[in-house]
1. Which of K36/K87; K73/K159; K46/K159 have a Cα-Cα distance over 22 Å?
2. Only four residue types carry charge here, +1 at the Cβ of Lys and Arg and -1 at the Cβ of Asp and Glu. Report the dipole size of the range 3-93 about the Cα centre in Debye, rounded to the nearest 20.
3. Give me the extension gain from S7 to K179: residue separation times 0.36 nm, minus the current Cα-Cα distance, reported in nm with one decimal.
4. 7 Å from Cα along Cα→Cβ at both A39 and H16: what's the point-to-point distance in nm?
5. Once you put a point 7 Å from the Cα of A49 and another 7 Å from the Cα of N65, both along the Cβ direction, what distance in nm separates them?
6. Based solely on C-alpha atoms, express the radius of gyration and the Dmax of the range 1-95 in angstrom.
7. Using only alpha carbons, build the gyration tensor for the range 23-64 and give me the equivalent ellipsoid semi-axes, biggest first, whole Å.
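Derivation of every value follows stated rules applied to the coordinates shown; laboratory data play no part. In this text, all values refer to a predicted model and were calculated from it rather than measured experimentally. When we count neighbours, we look across all protein chains shown, and the Cβ atoms used for this are built from the backbone with ideal geometry, even at glycine.
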Amino acid sequence: MSAFDISNAKLAKCLHSMSQGDRKAFEELYKITAPKLNAIILSMIKDEALTFDILQQAYLSVWRNAGSFDPKKGKAFTWILVITRNKALDLMRKRKRFSTTEQLSETLEDEKMQSDMSAKRLLLRRLIAPHLQALTANTRDAVVLSAVYGLTSKEIGVKIGVPTNTAKSWVRRGLSKLKKDLGVEDIKTLL
């Protein structure tokens, strides 16, 4: 039996004890896994403060879900690593989405400042804004990236960090909802 197998057996035991509220088991699990997880996440994120935040969220999730670990389905460290990696990916997606929305706001502000923009077009955008805000964040970002910036579904998928078909579905769903809400055939002419 290798040191890694012993460590996984120890981690599985810690998870079982944690599911019964054992804080000492959590401390032991943390001592065993934190250095390795910190290195892995830091290599993904390249930001120590964010890595710390991700690890906090991940360990909280591990604590809350310790009872759902099944040693028959996989190794304990792998289970913990997947939770941690998912927290990191969630954060990266949120940051990309925030960046996209922030860029959109800046662009719209710049456009409002342009003197050659017609009052009618500005009015149309103001009328559309509440309908855009009613969409989910993912759908709204995908629609704006498609309709305003002219990105393809593939480019949107890369920018947001989702598969092309997911991006395509968000764009289609969002445009369909806007068309229905606004009673128009070609929503892109309004944007």
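1. With Cα atoms farther than 22 Å apart: K73/K159.
2. Dipole size: approximately 240 debye.
3. Value of the extension gain: 56.2 nm.
4. Computed distance between label sites A39 and H16 equals 2.9 nm.
5. My value for the distance between the label points is 2.7 nm.
6. 13.1, 42
7. 19, 11, 7
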